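Heads up: the structure comes next, in structure tokens.
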Amino acid sequence: MTDIKQAIGLMSGTSMDGIDIALVRTDGRFFVERGPSASVSYSDGFRARLKQGLVDARAIRLRDERPGILALLERDLTLHHAIAVNDFLHMHGIERDGIDIIGFHGQTVLHRPNEGLTVQIGDGRLLAAETGIPVVYDMRANDMAHGGQGAPLIPAYHAALAAGLAEQCEAPVVFVNIGGISNLTYVGADGALAAFDSGPGNMLIDQWVEAHTGAAFDADGEIAASGAVDEALAGRYLSHAFFTGNIRRSLDRGDFVPPEKGEVSLADGARTLAFVSAAAILKSASHLPQRPKTYVVSGGGRKNAAIMRALEELAAGQRASVVSADSLGLDGDSMEAEAWAYLAVRSLKGLPLTWPTTTGCNVPVSGGVLARSE
Ligand SMILES: Nc1ncnc2c1ncn2[C@@H]1O[C@H](COP(=O)(O)OP(=O)(O)OP(=O)(O)O)[C@@H](O)[C@H]1O
Ligand SMILES: CC(=O)N[C@H]1[C@@H]2OC[C@@H](O2)[C@@H](O)[C@@H]1O[C@H](C)C(=O)O
């Protein structure tokens, strides 16, 4: 039996809605046994600080700089994660000593792949000290140091999961994570990987709805349901250079901005942005080695009925089907946290986290910094 580790993964994503945590037993290759998972929401106050952190991070030139509120925010973010881990272990009766490693993503506050600069705040040493568990963190930097985009990193995990889906999904299969930003992972019949960010996911919808109603998102796509797609507005987004260029690159929150208030009604804006999120996936999928036959959807955007309906209609037009990861026995909410547990084990073993076909790095590279707990 190859060396199996018990790992906890922690993800705080671009939606900044909270911390996802998951337990995985894995050898960092094709053995994956998924355990419990949970989500811990941020308070409105902490979420407001994270938003200010994104603003302050614009002043960063060297990746260790922490201008504005970022130093204290990084400490508090890390302590939030430590509490999430300690509560999780208690809730599930898991012995701390039984956890070999924590994979800690932290919070992306700046991502400029064309400048080779990506910053995720999160103090791995402090997390290791607060939990008594070794931590792998800062997992994107080495990919960028080797010419990569620093994202997406989940494809390695998707490849491990894909083996179990062959009977249930018509190939070629593509994993779609509809988070704040959406990303695709194509797994070829021969196991070949191709991956990239596919465009805005929920982030424009969240910002649009929050600006009009104060709500954090369009729950179940209810607002969009009463709106119509504004073709001109949709066309403006889908003609963005990100879609028209041939070079795939990873995105940051600031790469797309929501419409100005008043351009369209609240409902039409929500419906149009949901359509754009879906259309972006199909548009980006045209750069994959083969047109997918099955889209396996994870991430919070799969709960927005307007996104899913548009995606199903567009995919059907290309004789492809759309299924939720959950319908295949996976967990569409915890997949990214699971991935960070998996990637942490790969990091411990010096295995690649990224490949030229997933981030554009020059050679397959591992990554991550290990903070020991003693
Ligand atoms: N019930 C729901 N109805 C509609 N949308 C929802 C619902 N629940 C969550 N969402 C959407 O999902 C988002 C959170 O999704 P998720 O946690 O996958 O994003 P993330 O991991 O932060 O993003 P990324 O993968 O880009 O880092 C919310 O901001 C919201 O837009
Ligand atoms: C820089 C950064 O944090 N990118 C995120 C973001 O959120 C989704 C998409 O853009 C993806 O490329 C990435 O996260 C996922 C978890 C990844 O690296 O696989």
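The values are calculated or read from the model by the stated rules, or taken from the named source; none is laboratory data. Just so you know, these numbers come straight off a predicted model, no measurement behind them. Cβ: placed from backbone, ideal geometry, glycine included. Neighbour counts: every protein chain shown. Just the protein is used for accessible areas: all its heavy atoms, side chains included, with ligands, DNA and RNA removed. Shrake-Rupley method; radii C 1.70, N 1.55, O 1.52, S 1.80 Å.
State whether the residues of the stretch 236-246 include one that is of a type outside the set (D, E, K, R), more than 30 Å from Thr354 (Cα to Cα), free of Cβ contacts under 8 Å to residues at least 12 places away in the same chain and part of a helix (DSSP H, G or I). No, that holds for no residue.
Among the numbered conditions (1) without any contact (Cβ under 8 Å) to a residue 40 or more places away in the chain; (2) farther than 19 Å from Asp197 by Cβ, the only one that Gly122 does not meet is (1). Residues in the stretch 120-135 that are among the aliphatic types (A, V, I, L, M) and open to solvent by 10 Å² or more (accessible area, probe 1.4 Å): Leu126, Ala129. For the stretch 277-287, does any single residue satisfy the condition of being under 22 Å from Gly18 (Cα atoms), outside the structural domain of Gly122 (by TED's automatic domain parsing) and assigned to a helix (DSSP H, G or I)? Yes: the stretch 277-287 contains one or more residues that are under 22 Å from Gly18 (Cα atoms), outside the structural domain of Gly122 (by TED's automatic domain parsing) and assigned to a helix (DSSP H, G or I). Considered as a group, the residues in the stretch 253-273 that are open to solvent by 30 Å² or more (accessible area, probe 1.4 Å) and part of a loop (DSSP other than H, G, I, E, B) include one that is nearest to Ile307 (Cα to Cα), and that residue is Pro258.
Hey, could you check the stretch 145-157 for residues that are near ligand 2 (Cβ under 10 Å from one of its atoms) and not β-branched (Val, Ile, Thr) and say which is most open to solvent (accessible area, probe 1.4 Å)? Steps first, answer last, please.
The initial filter retains those residues of the stretch 145-157 that are near ligand 2 (Cβ under 10 Å from one of its atoms), namely 149-157.
Those still in the list that are not β-branched (Val, Ile, Thr) too: 149-153, 155-157.
Working: Gln149: 30, Gly150: 0, Ala151: 15, Pro152: 10, Leu153: 3, Pro155: 2, Ala156: 5, Tyr157: 0 Å².
If we take residues in the stretch 145-157 being near ligand 2 (Cβ under 10 Å from one of its atoms) and not β-branched (Val, Ile, Thr), then Gln149 is most open to solvent (accessible area, probe 1.4 Å).
Out of Leu117, Leu165, one residue alone is surrounded by fewer than 24 Cβ atoms within 10 Å (Cβ to Cβ), closer than 30 Å to Lys51 by Cβ and touching a residue at least 24 places away in the same chain (Cβ under 8 Å). It is Leu117. Of these, Ser284, Ser298, Ser324, Ser277, which one is within 21 Å of Ile205 (Cα to Cα), surrounded by fewer than 19 Cβ atoms within 10 Å (Cβ to Cβ) and either of a type in the set (S, T, N, Q) or in contact with a helix residue (DSSP H, G or I) (Cβ under 6 Å, 6 or more places away or on another chain) (or both)? Of the residues listed, the single one that is within 21 Å of Ile205 (Cα to Cα), surrounded by fewer than 19 Cβ atoms within 10 Å (Cβ to Cβ) and either of a type in the set (S, T, N, Q) or in contact with a helix residue (DSSP H, G or I) (Cβ under 6 Å, 6 or more places away or on another chain) (or both) is Ser324. Residues considered: Asp220, Asp230. Of these, the only one that is in contact with a helix residue (DSSP H, G or I) (Cβ under 7 Å, 6 or more places away or on another chain), closer than 17 Å to Met308 by Cβ, away from ligand 2 (no atom under 16 Å from the Cβ) and of a type in the set (Asp, Glu) is Asp220. Quick check: anything in the stretch 112-128 farther than 26 Å from Ala280 by Cβ and among the β-branched types (Val, Ile, Thr)? Scanning the stretch 112-128, I find at least one residue that is farther than 26 Å from Ala280 by Cβ and among the β-branched types (Val, Ile, Thr), so the answer is yes.
Out of Ala225, Ala234, Ala215, Ala195, report the one residue that is hydrophobic (A, V, I, L, M, F, W, C), buried (at least 24 other Cβ atoms within 10 Å of the Cβ) and at pLDDT 95 or above. Matching residue, one of Ala225, Ala234, Ala215, Ala195: Ala195. Here the condition is being away from ligand 1 (no atom under 11 Å from the Cβ) and not assigned by TED's automatic domain parsing to the domain that holds Leu353; of Leu238, Leu204, it holds for Leu238 alone. State yes or no: is Val297 within 14 Å of ligand 2 (Cβ to nearest atom), touching a Ser or Thr at 6+ places or on another chain (Cβ under 7 Å) and either of a type in the set (Gly, Ala, Ser) or outside any helix (DSSP H, G or I) (or both)? For Val297, the condition - within 14 Å of ligand 2 (Cβ to nearest atom), touching a Ser or Thr at 6+ places or on another chain (Cβ under 7 Å) and either of a type in the set (Gly, Ala, Ser) or outside any helix (DSSP H, G or I) (or both) - is met. If we scan the stretch 107-119, do we find a residue that is modelled with pLDDT of 95 or more, more than 22 Å from Asp143 (Cα to Cα) and not aliphatic (A, V, I, L, M)? Checked against the condition, which is being modelled with pLDDT of 95 or more, more than 22 Å from Asp143 (Cα to Cα) and not aliphatic (A, V, I, L, M), the stretch 107-119 yields no hits at all. Scoring Ile21 on the criteria (1) without any contact (Cβ under 8 Å) to a residue 24 or more places away in the chain; (2) within 15 Å of ligand 1 (Cβ to nearest atom) leaves a single failure, condition (1). The combined condition, being small (Gly, Ala, Ser) and within 16 Å of ligand 1 (Cβ to nearest atom), is not fulfilled by Gly93.
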